Amino acid sequence: MAAFFQSLEKTLTAGVVLLIALIIVVGLVTGQFIKINSVWWTFFWRWLHIMAGIMWMGLLWYLNFVQTPTVPKIEPAEHRAAITKFIAPNVLFWFRYSALATVVLGLILAWQKGYIVQALTFQKPVYTIGIGMWLALIMAFNVWFIIWPNQQKVLGLVEATADQKAAAGRLAGMTSRINTMLSIPMLYCMVAQNNSPL
């Protein structure tokens, strides 16, 4: 059993199989099976959007609450290389692509629900989610066009002088903190649209 759960791929596959089994069992018990129609597809895109968003926000908060404040405390300093050479590049890969997936899936969902233009232009009754969408778009822009290019310098993936690396680290760190700040109203707006609009 322990060997099974050491594999991320097997664990994820087991999660999908468990989900399918639960859907079948609940359908058998209640007599109500999933109907694959437009309502279900809207739900499916929302579920994927939320899954990607959890990964994105989870990694953003991990970076800001755990990795960034902890790395400078690692002694001896040469042990920090484990973070910069192995962990950070992997975290930043999933961070970038979960941001992209969250935005793309959110736009698909808004298009499918028929409110994409109204939300992005802050029209009633979807102006609250529109605010959340714009905050998410700004955050994703920051991830791809400010944080990632600067982190590449910091991690030595792109050649840079020591001064350039230091400046890149400051800019990436500040932008990551800005994204953390923006994540709070963004998440509120995303949930508030259907529960308690602004």
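Partners of Lys153 within straight-line reach, counting lysines whose Cα lies under 21 Å from its Cα and excluding those fewer than 8 residues away in the same chain: Lys85, Lys165. Long hydrophobic helices in the chain, taken as whole DSSP H segments with a C-alpha length of 18 Å or more on their own axis and mean Kyte-Doolittle hydropathy at least 0.5: 8-30, 38-62, 88-113, 127-142.
Working from label points 7 Å from Cα in the Cα-to-Cβ sense, the Gln118 to Val71 distance is 4.4 nm.
Normalised by the number of residues in the range 72-198, the mean separation of alpha-carbon contacts (under 8 Å, six or more apart) gives a relative contact order of 25 percent. Over the chain, DSSP H runs of length four or greater, each weighted -39,500 (n - 2.57), average out per residue to a 222 nm ellipticity of -24000 deg cm²/dmol.
Across the range 1-124, C-alpha contacts under 8 Å between residues 6 or more apart give a mean separation that, scaled by the residue count, equals a relative contact order of 29 percent. Compactness of the range 31-128, taken as the C-alpha radius of gyration over 2.2 N^0.38 Å, stands at 1.53. Given 25 °C and 0.890 mPa s, compute D for the chain with the Stokes-Einstein relation, Rh being the Kirkwood radius over Cα pairs; round to the nearest whole µm²/s. Value of D from the Cα-based Kirkwood radius: 127 µm²/s. The reciprocal of the average 1/r between distinct C-alpha atoms defines the Kirkwood hydrodynamic radius, which for the range 1-76 equals 16.0 Å. Computed about the Cα centre, the dipole magnitude for the range 1-118 is approximately 220 debye when only Lys and Arg (+1) and Asp and Glu (-1) carry charge, each at its Cβ. Bridgeable lysines around Lys124 (alpha carbons under 17 Å apart, same-chain partners fewer than 8 residues away excluded): Lys113.
Rule-based calculations on the coordinates, nothing more; no lab input. All of these numbers come straight from a predicted model, not from anything done at the bench. Every residue, glycine as well, gets a Cβ built from its backbone with ideal geometry; the counts of neighbours run over all protein chains shown.
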